[in-house]
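Report on one structure; see the data block that follows.
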Amino acid sequence: MAMLRRSLPTLATLAIVLLVGRITDKTTGQPLAGVHVRATGAYAARTAVTDRNGRYTIPGLRPGRYRIRISSNDVPPQTFHVTVERTPQTYDITACSTTLDYECDPGSPFSGG
């Protein structure tokens with residue numbers, strides 16, 4: 001007799017994690033306020049806006065790969081990918097601000113973290 005085996009999600013896929021970070025200007029290092037940060041993945045799409053200190057918090061993500069898109073009136077859209085693990089993840093991002101940088105090459109968005 002064949003046994004029917006159910007496919008149950010693992011504890012790792014049920015875990016809810018937090019993605020946090022700070023967005024600063026690539027040239028001046030100043031925090032960039034009002035930048036929209038959108039994380040899109042297989043299980044969720046969440047959005048946050050940076051505060052006056054350039055900090056953002058995106059709660060409610062499951063572990064996995066996410067496409068991160070940042071943009072604002074002063075920050076041209078940038079898209080990149082991150083892998084979110086089971087612990088809170090910190091991604092500090094450097095971006096070009098058209099207000100502060102007139103000829104900035106976005107390059108790598110990560111400043112570490």
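List the residue pairs whose Cβ atoms are under 8 Å apart, where the first residue sits in the stretch 88-99 and is touching a residue at least 24 places away in the same chain (Cβ under 8 Å), the second is small (Gly, Ala, Ser) and part of a strand (DSSP E or B), and the two are 6 or more positions apart or on different chains.
Matching pairs, first to second residue: Thr90/Gly21; Tyr91/Gly21; Asp92/Gly21; Asp92/Ser111; Asp92/Gly112; Ile93/Gly21; Ile93/Ser111; Thr94/Ser111.
Name the strands (runs of 3 or more DSSP E) wholly within the stretch 1-104 that hold at least 2 residues that are modelled with pLDDT of 95 or more?
17-25, 36-41, 45-49, 55-61, 64-71
Inside the stretch 51-76, can you point out the residues that are small (Gly, Ala, Ser) and either crowded, with 18+ Cβ neighbours inside 10 Å or under 14 Å from Gly21 (Cα atoms) (or both)?
Selection gives Gly54, Ser72.
Looking only at the stretch 28-47, count how many residues are under 21 Å from Cys96 (Cα atoms), touching a strand residue (DSSP E or B) at 6+ places or on another chain (Cβ under 9 Å) and in contact (Cβ under 8 Å) with a residue 12 or more places away in the chain.
Result for the stretch 28-47: 10.
The values are calculated or read from the model by the stated rules, or taken from the named source; none is laboratory data. None of these values were measured; they are calculated from a predicted model. Counting neighbours? That spans all protein chains shown, and the Cβs are built from the backbone with ideal geometry, glycine included.
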